[in-house]
Amino acid sequence: MAEPTHRPGVRAAQRSTVGIRRGRAAALSGFPGGETFNVEYANTIELGLLTSTPVGVFLEGASMFGALDMAGNVEEYVADDYRAYPGGPEINDDLVLDVGRHRVARGGSFTRFRDLARNQRRHGRYPRPIYVMGFRLVENHSGQNATLP
């Protein structure tokens, strides 16, 4: 089983034909399904459900690989600690100052605003009682490393 990661160029790859075209646009633009945020493509606080939904409710928000719910619904931890990219500037934001070293979270959730659902956004878990955090299991059926299209 492969662990998801935040390193550039490495993505959880689950093939599907649903939402591929829109997913490619999202990979380039940052939001599920296209260049601008659409409240109907991800379960974020803007939608107003205020609860998680079954995977697959937001087909239009599929990733470029067809993976569903990579934005909104429940945030997901990835394998890496939150720190500067190689050669990048040191990170000293509020989260680092408040909690120190921590794992990267991605995707946003039904309790978070759209900014945290952007593909490029990485952040971490603030120590608050209503913070929805999950993880994604990835299975490789072929026994080979997944490749980008």
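The values are calculated or read from the model by the stated rules, or taken from the named source; none is laboratory data. Remember, it's a predicted structure, so these values are computed and weren't measured experimentally. Counting neighbours? That spans all protein chains shown, and the Cβs are built from the backbone with ideal geometry, glycine included. Side chains included, ligands, DNA and RNA excluded: accessible areas come from the protein's heavy atoms. Shrake-Rupley method; radii C 1.70, N 1.55, O 1.52, S 1.80 Å.
Counting only residues 5 or more places away or on other chains, whose amide H sits under 5 Å from the amide H of Asp80 once H atoms are built in the peptide plane?
His6, Val104
For Met70, what residues show an amide H to amide H distance below 5 Å, using hydrogens built from the backbone and excluding near sequence neighbours?
Ser63
Sum up the charges of everything whose Cβ sits under 9 Å from the Cβ of Gly108, counting Lys and Arg as +1 and Asp and Glu as -1, but leave Gly108 out.
Net local charge, Gly108 excluded: +3.
Compute the FRET efficiency between Asp93 and Leu59 as 1/(1 + (r/R0)^6), taking r as their Cβ-Cβ distance and R0 = 30 Å, and round to the nearest 0.05.
0.35
Given a 1.4 Å probe and heavy atoms of the protein chains only, how would you sort Phe110, Phe65, largest accessible area at the top?
Largest to smallest exposure gives the sequence Phe110, Phe65.
Keeping all protein chains in the complex and leaving out DNA, RNA and ligands, what accessible area do you get for Val57 with a 1.4 Å probe, in Å² to the nearest 10?
Here the accessible area works out near 80 Å².
From largest accessible area down, sort Arg121, Arg106, Arg101, Arg114; use a 1.4 Å probe on the protein chains.
Arg101, Arg114, Arg121, Arg106
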